Amino acid sequence: MKTAKIENRKRDIVVGFRISKEERDILDNKVRICGYTKQEYLIKSALMQRLLVVGDRKVLNEFREQLNSIEKELKRIASINDFDEVKFESLKTILEIMREINKQ
């Protein structure tokens, strides 16, 4: 396996930070829904760049999986206060993407 020399890299600074398990789950879901790598997602989000989501098969499959999971959660809960925060954040992300699609 080839490894690039650090001096030849455009991005040679490493950034690390700690998050909770729940925050990690939310982040991982958003990354999968958008179809980016975690690095791309974090950089674009942090720099307030508009995230362009390309509706390829991978993204559409992730939408389907997330929506199926959300549907199961909605059937399980008795009130909105019982709704899993990770699934709620996933639903918000999907809705944001769908709103942008409808604007076009």
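The values are calculated or read from the model by the stated rules, or taken from the named source; none is laboratory data. A quick note: this is a predicted structure, and the numbers were derived from the prediction, not measured. Reconstructed Cβ throughout: ideal geometry from the backbone, glycine too, with neighbour counts over all protein chains shown.
Scanning the stretch 49-87 for residues that are hydrophobic (A, V, I, L, M, F, W, C), out of contact with any helix residue (DSSP H, G or I) (no Cβ under 6 Å at 6 or more places or on another chain) and over 23 Å from residue 39 (Cα atoms) gives 67, 74, 77, 78, 80, 83. Residues satisfying the criterion are present in the stretch 79-102 (criterion: aromatic (Phe, Trp, Tyr), closer than 23 Å to residue 22 by Cα and outside any helix (DSSP H, G or I)). Would you check if residue 45 is at pLDDT below 85, out of contact with any His (no Cβ under 6 Å at 6 or more places or on another chain) and hydroxyl-bearing (Ser, Thr, Tyr)? For residue 45, the condition - at pLDDT below 85, out of contact with any His (no Cβ under 6 Å at 6 or more places or on another chain) and hydroxyl-bearing (Ser, Thr, Tyr) - is not met. Note on the stretch 14-32: residues that are touching a helix residue (DSSP H, G or I) at 6+ places or on another chain (Cβ under 8 Å) and not in a helix (DSSP H, G or I) amount to 1. Test residue 43 against the criterion of being farther than 16 Å from residue 96 by Cα, without any contact (Cβ under 8 Å) to a residue 12 or more places away in the chain and surrounded by 13 or more Cβ atoms within 10 Å (Cβ to Cβ), and give yes or no. For residue 43, the condition - farther than 16 Å from residue 96 by Cα, without any contact (Cβ under 8 Å) to a residue 12 or more places away in the chain and surrounded by 13 or more Cβ atoms within 10 Å (Cβ to Cβ) - is met.
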